[in-house]
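Here's the structure, in structure tokens; my notes come after.
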């Protein structure tokens, strides 16, 4: 069975983002992190990384157009993670 183009594009974009972050000095701690609230899976974060100064970051990779609502969701997700 062939993967949908959007899934293939997303996987490629995540590989590119990982490589870029590493070149910038980030350490990738986790990929495709499932965040749970209590017993339930609440959302997924593409990457959890640490920048060179030690700041933890949630990274959401978008391939294509991202709107303001997408950015707000990423911000809200990072707050739930406590980052």
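The values are calculated or read from the model by the stated rules, or taken from the named source; none is laboratory data. Quick caveat, the model's predicted, so the values are computed rather than measured. For neighbour counting, all protein chains shown are included, and Cβ atoms are generated from backbone atoms with ideal geometry for every residue, glycine included.
In region 63-76, is there at least one residue being touching a helix residue (DSSP H, G or I) at 6+ places or on another chain (Cβ under 9 Å), modelled with pLDDT under 95, in a strand (DSSP E or B) and surrounded by 14 or more Cβ atoms within 10 Å (Cβ to Cβ)?
No, there is no match, as no residue in region 63-76 is touching a helix residue (DSSP H, G or I) at 6+ places or on another chain (Cβ under 9 Å), modelled with pLDDT under 95, in a strand (DSSP E or B) and surrounded by 14 or more Cβ atoms within 10 Å (Cβ to Cβ).
Applying the selection to region 47-62, what residues are closer than 15 Å to residue 22 by Cα and in contact with a helix residue (DSSP H, G or I) (Cβ under 6 Å, 6 or more places away or on another chain)?
At the first step, the residues of region 47-62 found to be closer than 15 Å to residue 22 by Cα are 47-59, 61.
Once the filter is applied, which keeps residues that are closer than 15 Å to residue 22 by Cα and in contact with a helix residue (DSSP H, G or I) (Cβ under 6 Å, 6 or more places away or on another chain), region 47-62 yields 49, 58, 61.
Search region 38-52 for residues that are over 15 Å from residue 81 (Cβ atoms) and pair each with any residue that is part of a loop (DSSP other than H, G, I, E, B) when their beta-carbon atoms are under 9 Å apart and the residues are at least 6 apart or on different chains.
51/24; 51/25; 51/26; 52/24; 52/25; 52/26
Out of everything in region 16-31 that is within 11 Å of the chain's Cα centre (by Cα) and either in a helix (DSSP H, G or I) or at pLDDT below 85 (or both), what residue ends up being surrounded by the fewest Cβ atoms within 10 Å (Cβ to Cβ)?
18
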